[in-house]
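*Asks:* My questions all concern the structure below.
No value in this document is a laboratory result; all are computed from the given coordinates. No experiment lies behind these values; they were computed from the predicted model shown. Neighbour counts run over all protein chains shown; Cβ positions are idealised from the backbone, glycine included.
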Ligand SMILES: [Zn+2]
């Protein structure tokens, strides 16, 4: 479900980011607050957790 809207909390700066699961997985995208890449291990875990929310 790449079009599912999820909210991910940045593991580095703590801001909440609302977007689709597909957007979070797009190569090159990063946190608008601290520029941490979504492809990092810490972010992947946060994205996975958000995706698995009911
Ligand atoms: Zn951040």
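*Asks:* State whether segment 5-51 is rounded, prolate or oblate according to the following rule on the C-alpha gyration tensor (a ≥ b ≥ c being the square roots of its eigenvalues): a/c under 1.5 gives rounded; otherwise a/b larger than b/c gives prolate, and the remaining case gives oblate.
*Replies:* Rounded, since a/c falls under 1.5.
*Asks:* Pairs of Cα atoms under 8 Å, at least six residues apart: use those to get the relative contact order of segment 5-51, whole percent.
*Replies:* Numbers: 60 pairs, mean separation 17.5, N = 47.
After rounding, I find 37 percent.
*Asks:* Order these by the 10 Å Cβ neighbour count, fewest first: 2, 51. List each step's numbers first, then the result.
*Replies:* Values: 2 11, 51 15.
Neighbour counts put them in this order, fewest first: 2, 51.
*Asks:* How far is helix 41-51 tilted, in degrees, relative to the longest principal axis of the Cα atoms in the chain, given as a value from 0 to 90 rounded to the nearest 10?
*Replies:* Approximately 30 degrees, to the nearest ten.
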